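Structure, as structure tokens:
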Amino acid sequence: YFLCFLFLIITVFNLWPSEGYFTVSLVGNTVIESEPRKKVTIVFSVYNNTNTNRDVIPNITLPDGFSLITELVPFNLNSNQSQLVFVNILIPQSTKVGAYDLTFLVNDINNTKNISYATATISVLPSYEVGINTIESPKYVFAGEEYKVTYRIENLGNLSTNLVLNVDSSDNLSYEIQEQLLDTSFYMHFSESRLIELAVKTKDNISRIVN
């Protein structure tokens with residue numbers, strides 16, 4: 001007779017769902033609307049599901065270009081208790097219109113594989129903004145002389161847009177646009193900037209300071 005022994009080897013794996021040690025939830029709307037160059041505060045709740053006090057390590061994954069304003073710091077969480085975590089984020093100026101997901105994650109300091117998380121979506125809205133800066137202009141000119149002024153026009157919004165150039169000249173001084181603009185209306189791409197130079201002709205009979 002042969003005795004056959006069957007050895008059953010059982011390997012136990014600790015498989016933790018996203019709410020294993022902790023339950024993480026988003027407080028408020030799952031979609032947050034904002035514009036570029038704005039600060040957004042997102043609040044998450046972290047709940048300790050266990051009967052043990054735990055040291056919590058928070059972390060976050062952000063879309064490209066987004067930055068964290070306030071550093072996330074570890075904290076201790078009592079058993080069966082919750083704590084709110086405020087996440088302050090800056091949306092970069094160059095962010096295009098669209099939806100951007102970020103994920104807030106926590107884990108126990110003694111078990112980095114036990115990760116719980118929640119996701120939020122930031123909806124970046126259209127932003128129309130144009131910046132105009134004087135780059136070069138003379139400190140003074142003599143009456144009857146011609147002088148030039150250079151401006152930088154920059155599309156600070158997150159969309160391409162059509163612009164119309166209007167010039168307000170003191171004392172109705174004559175001027176000429178020196179840039180290659182056949183028309184005073186032109187198209188500027190997202191984040192584009194360009195220089196525009198004006199040649200202004202002063203009057204011979206000016207006897208006072210003109211701005």
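Mean silhouette area of segment 76-116, derived from the convex hull of its C-alpha atoms and averaged over all directions, reads 4.6 nm².
The alpha-carbon atoms of segment 16-106 define a convex hull whose volume equals 92 cubic angstrom per residue. Here the translational diffusion coefficient of segment 37-154 follows from Stokes-Einstein with Rh set to the Kirkwood radius across Cα pairs; for 25 °C and 0.890 mPa s it amounts to 135 µm²/s.
Peptide packing: for 59-71, 93-105, the average count of neighbouring Cβ atoms within 10 Å per residue gives the ranking 93-105, 59-71, highest mean first. Based on alpha-carbon atoms, the Kirkwood radius and the radius of gyration of segment 44-95 give Rg/Rh equal to 1.11.
Only the coordinates and a few stated rules stand behind these numbers; no lab work does. These numbers come from a predicted model, not from an experiment. Methodologically, a virtual Cβ is constructed for each residue, glycine included, from the backbone with ideal geometry; neighbour enumeration extends over all protein chains shown.
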